[in-house]
1. Six or more apart or on different chains, Cβ under 9 Å: which pairs go from a residue in segment 212-230 that's touching a residue at least 60 places away in the same chain (Cβ under 8 Å) to one that's surrounded by fewer than 24 Cβ atoms within 10 Å (Cβ to Cβ) and basic (Lys, Arg)? Could you list them?
2. Any residue in segment 152-166 that is under 23 Å from GLY127 (Cα atoms), in contact with a helix residue (DSSP H, G or I) (Cβ under 6 Å, 6 or more places away or on another chain) and aromatic (Phe, Trp, Tyr)?
3. Name the residue that is modelled with the lowest pLDDT, counting only residues in segment 250-274 that are more than 14 Å from LEU157 (Cα to Cα) and surrounded by fewer than 13 Cβ atoms within 10 Å (Cβ to Cβ).
4. List the number of the failed condition for LEU107; all other conditions in (1) buried (at least 22 other Cβ atoms within 10 Å of the Cβ); (2) in contact with a Cys (Cβ under 7 Å, 6 or more places away or on another chain) hold.
5. Any residue in segment 165-178 that's surrounded by fewer than 18 Cβ atoms within 10 Å (Cβ to Cβ): show its pairings with residues that are in a helix (DSSP H, G or I) at Cβ separation under 6 Å, as long as the two are six or more apart or on different chains.
6. Is it the case that segment 225-242 has a residue that's within 14 Å of the chain's Cα centre (by Cα), at pLDDT 85 or above and of a type outside the set (A, V, I, L, M, F, W, C)?
7. Starting from segment 243-256, keep only residues that are under 22 Å from VAL198 (Cα atoms), then list their pairs with residues that are at pLDDT 80 or above and surrounded by fewer than 19 Cβ atoms within 10 Å (Cβ to Cβ) whose Cβ atoms are within a distance under 6 Å, requiring at least 6 positions of separation or different chains.
8. Counting just the residues of segment 1-13 that are of a type outside the set (Lys, Arg) and without any contact (Cβ under 8 Å) to a residue 60 or more places away in the chain, which one comes out farthest from TYR122 (Cα to Cα)?
Amino acid sequence: MRGIAVIALVTFQEAARKKILLAAALLSTAFVGLFSWGLLRCPSCAAPSTSLLRREIDSGLLMVGLYGVALFTALLAVLSSIDSLAGEIASGAIQTVAIRPLERWHLVLGKWLGYAAILALYVVLVGGGTVLAMRWTEGFTPPHLAAGLLLIWWEGLILLTVTLWFGTFCSTLTSGICAVGLYGLAFLGGWVEQIGAVTHRPAALRLGVLASLVMPSEALWRRAVFEMQSPLLGAIGFSPFNTSSAPSGLMLAYAGVYLCLALWIAMRHFSRRDL
């Protein structure tokens with residue numbers, strides 16, 4: 001286990017050396033600052049502080065801001081790890097570390113843990129900063145905040161795992177295209193499912209569920225919205241994120257199995273391939 005911890009630490013330090021963390025921090029600061037500036041000029045400021053309307057507007061605005069956090073987390077998961085295995089395999093640098101007594105699967109798991117820690121730090125700082133901006137400007141805090149941020153992190157972990165999996169047998173460019181393509185498929189499927197729920201189209205609902213089975217990232221985001229968004233806002237459809245077709249606990253269990261299976265396949269395939 002010590003070897004895995006060392007690889008995880010080295011992965012974190014390498015991300016810092018490549019200025020990935022610095023770039024993410026600067027862009028995140030700009031995002032939170034812009035979100036705060038927008039909140040200071042939002043229409044809800046004109047409503048009475050105790051009004052139900054203001055609370056619902058605040059809930060909807062916060063979900064839009066957190067959607068940006070979820071999107072940036074997904075992109076960070078893919079772009080930070082895209083070259084981790086595929087690039088090192090192509091350059092031959094992987095051969096210097098993939099030697100005994102370090103097992104190959106230790107290398108994959110260590111890298112995964114390192115990037116998972118980066119994503120966790122990012123979600124806590126940027127997601128927490130977005131919520132604090134809403135709290136500071138409007139005095140509103142969403143319910144089940146910890147569960148919502150955990151689901152956003154989980155979404156990033158899914159994309160991180162899939163990217164590393166593709167990196168064990170594809171080139172850097174191909175790995176990125178495949179990971180982003182699956183994320184786009186899940187994104188479209190999620191919106192199709194929401195439209196199907198609003199218009200009562202069973203075919204659209206089934207198509208959305210099928211897309212979530214292929215890539216459950218969007219399902220985790222919609223569950224996060226279900227946890228944090230005002231139930232009234234989701235029920236009346238005022239928010240762009242409809243919660244009438246929120247993923248069930250069974251879908252969350254599937255996402256957990258999906259994550260573990262993808263990571264296991266990545267470790268197994270890397271352990272068996274020629275370097």
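1. Note: pairs meeting the criteria are SER230/ARG55.
2. Yes: segment 152-166 contains one or more residues that are under 23 Å from GLY127 (Cα atoms), in contact with a helix residue (DSSP H, G or I) (Cβ under 6 Å, 6 or more places away or on another chain) and aromatic (Phe, Trp, Tyr).
3. Checked segment 250-274; the qualifying residue modelled with the lowest pLDDT is ASP274.
4. Failing condition for LEU107: (2).
5. Once the first residue is surrounded by fewer than 18 Cβ atoms within 10 Å (Cβ to Cβ) and sits in segment 165-178, its partners that are in a helix (DSSP H, G or I) give SER171/ALA86; CYS178/PHE166.
6. Among the residues of segment 225-242, not one is within 14 Å of the chain's Cα centre (by Cα), at pLDDT 85 or above and of a type outside the set (A, V, I, L, M, F, W, C), which makes the answer no.
7. Pairs found: none.
8. Filtering segment 1-13 down to residues of a type outside the set (Lys, Arg) leaves 1, 3-13.
With without any contact (Cβ under 8 Å) to a residue 60 or more places away in the chain added as a condition, the list becomes 1, 13.
On the way: MET1: 25, GLN13: 15 Å.
The selected residue is MET1.
The values are calculated or read from the model by the stated rules, or taken from the named source; none is laboratory data. Note that the coordinates shown come from a computational prediction; the quantities given were computed from them, not determined experimentally. Virtual Cβ from ideal backbone geometry, glycine too; neighbours counted across all protein chains shown.
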